[in-house]
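Below is one structure, written out as structure tokens, with a few remarks after it.
The values are calculated or read from the model by the stated rules, or taken from the named source; none is laboratory data. Computed from a predicted structure; not experimentally measured. Virtual Cβ from ideal backbone geometry, glycine too; neighbours counted across all protein chains shown. Please note that ligands, DNA and RNA were not included when accessible areas were found on the heavy atoms of the full protein model with its side chains. Shrake-Rupley method; radii C 1.70, N 1.55, O 1.52, S 1.80 Å.
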Amino acid sequence: MNNILSITPSTLSLITTYKCTSQCADCCFECGPQRKEMLKLQYLINYVDRAINAFPSIGIIVITGGECFLLGDNLYELVKYINSKKLSCRIVTNGYWAKTRETAFDVLSKLKDAGLNEINFSTGDDHLEFVPIEYIKNGIIASMSLNIMTLVNVEYGINRTFDLRNITEDTDIKQYLFPNRKISPLGIVNGLWMPFTKESLQKIEEQLPFNTNKNIGRCENLFNTLTITPNHRMIACCGLPATYIRYLDLGNARTGNLKSLYDNQFNDFLKIWLYVEGPYKILLFISEKIGKENVKELSLNSHTCFYCACIFSNQIYMEIIKKSYQDVYSIVMFKYFILKRRKNEKK
């Protein structure tokens with residue numbers, strides 16, 4: 001591998017389990033109570049050690065799932081170990097455990113003592129079928145009282161009834177937000193929530209007039225994070241359809257060399273092209289070869305990950321890319337080196 005192309009990751013994301021207390025209809029990993037996959041503590045610690053040895057650039061460890069709180073005491077041990085390595089630790093959860101404010105405070109106090117730096121709560125229409133909003137509020141209030149950096153990710157999409165305002169205008173929560181607090185450790189953001197089951201990827205809905213001026217940019221999930229799944233696979237990104245696309249599977253993390261698995265992706269022009277221009281522009285390129293009327297995904301107002309999934313699930317598109325990628329190779333690589341240089345300057 002030519003190291004001149006490599007961008008080192010800043011984050012290790014541990015998808016610790018696919019088991020979850022919820023079973024959201026459009027979960028990108030199809031998690032649920034029936035799933036059994038879960039990484040043992042010894043493997044989680046091993047991945048932390050191997051990742052930071054291979055990439056000293058890693059400063060953040062994300063613990064996610066599924067529902068990572070199902071790890072039980074191993075969750076606290078993992079956070080403690082990450083803290084011992086002087087790394088920042090973030091947990092992503094649905095908040096099912098925060099049934100009362102007292103319980104939420106006790107759980108988060110223990111995690112903060114172990115070294116937790118940030119917690120992210122996921123909520124919205126699908127999540128609320130399983131975890132009441134009161135649990136999320138309990139978690140927010142407890143984390144604020146402990147001054148833990150907190151982010152609430154609210155499902156965003158078509159025909160959603162619960163949105164940001166349900167939290168930002170809540171009388172118990174808005175006291176922690178700007179302008180009531182000039183500097184707040186609490187953030188409330190939209191997170192696109194969309195169908196990504198195998199069946200739904202074949203459906204094309206919500207047709208909109210064709211528009212080549214959409215503000216859809218490059219893929220920012222690639223080349224930032226080293227991601228390990230509960231099946232010991234390294235995947236190229238933590239985007240919504242990552243586990244559905246075999247092309248994004250980088251190999252066996254348990255037996256393979258993490259640095260080699262990660263660095264090998266820089267030999268792949270298509271991944272670099274996705275990073276530089278994004279899947280929507282690649283679809284535009286394909287449409288120039290076969291006609292806009294034959295690339296109907298371009299008429300959809302959707303998420304970057306959706307367009308990516310559409311490319312990899314369409315054999316015709318992939319064949320066109322293989323046949324014609326050299327048409328854009330030079331300009332894409334030129335842009336890539338500019339982006340790489342800018343990223344290195346920020347470090």
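Considering only 285, 121, 48, and ranking their Cα positions along the charge dipole of the chain that arises from unit charges at the beta-carbon of Lys, Arg, Asp and Glu, the one farthest toward the positive end is 48.
Specify which labelled value, from [x] 61, 46, 43; [y] 59, 49, 42; [z] 69, 46, 37, agrees with Cα extents along the principal axes in Å derived from the coordinates of the model shown. Of the listed options [x] 61, 46, 43; [y] 59, 49, 42; [z] 69, 46, 37, [x] comes from this structure.
Would you be so kind as to identify which of 302, 132, 171 lies farthest towards the positive end of the dipole of the chain, taking Lys and Arg as +1 and Asp and Glu as -1 on Cβ and the Cα centre as origin? With unit charges placed on the Cβ atoms, the residue in question is 302. For the chain, the longest principal axis of the C-alpha atoms and the axis of helix 279-290 are separated by about 20°. Summing +1 for each Lys or Arg and -1 for each Asp or Glu among the other residues whose beta-carbon sits under 11 angstrom from that of residue 122 gives -3. To the nearest ten degrees, helix 329-346 and the longest principal axis of the Cα atoms of the chain are 30 degrees apart.
Residues whose amide H lies under 5 Å from that of residue 91, counting only those 5 or more places away or on a different chain, are 63, 118, 119, 120; hydrogens are built 1.01 Å from N in the peptide plane. Within the shell of other residues whose beta carbon sits under 14 angstrom from the beta carbon of residue 46, the net charge comes to +2, with Lys and Arg scored +1 and Asp and Glu -1. Rounded to the nearest 10 degrees, the angle from helix 315-324 to the longest Cα principal axis of the chain is 60 degrees. A P(r) calculated from all alpha carbon pairs of region 241-285, with 5 Å bins opening at zero, reads 5, 19, 22, 25, 16, 7, 4, 1 percent. Each Cα pair under 8 Å and six or more residues apart adds its separation to the average, and for the chain the resulting relative contact order is 16 percent. Counting Lys and Arg as +1 and Asp and Glu as -1 over every other residue whose Cβ lies under 12 Å from the Cβ of residue 101, the net charge comes to -2. Judged by the mean number of other Cβ atoms found within 10 Å, the most tightly packed of the peptides 24-32, 315-323 leads the ranking 24-32, 315-323.
Rounded to the nearest 10 square angstrom, residue 300 shows an accessible area of 10 square angstrom against a 1.4 Å probe. Within the full protein context, the accessible area of residue 160 is estimated at about 60 Å² for a probe radius of 1.4 Å. What you get for the chain, charging only the Cβ of Lys and Arg (+1) and of Asp and Glu (-1), is a dipole of about 1240 debye around the Cα centre. Once the cut-off is 14 Å, how many percent of the Cα-Cα pairs in region 1-74 end up in the long-distance tail? Value for region 1-74: 65 percent of Cα pairs lie more than 14 Å apart.
When we measure straight from the Cα of residue 271, which aspartates and glutamates land under 15 angstrom away, once same-chain ones fewer than 8 places off are left out? Straight-line reach from residue 271, under 15 Å: 220, 249, 263. Looking at this model, which pairs from 40/86; 292/323; 19/174; 40/112 are more than 27 angstrom apart at the alpha-carbon? 19/174, as the Cα separations exceed 27 Å there. Protein heavy-atom accessible surface, 1.4 Å probe, per residue over the chain: 48 Å². Among the cysteines of the chain, those with no neighbouring cysteine Cβ under 4.7 Å are 28, 68, 89, 219, 237, 238, 305, 308, 310.
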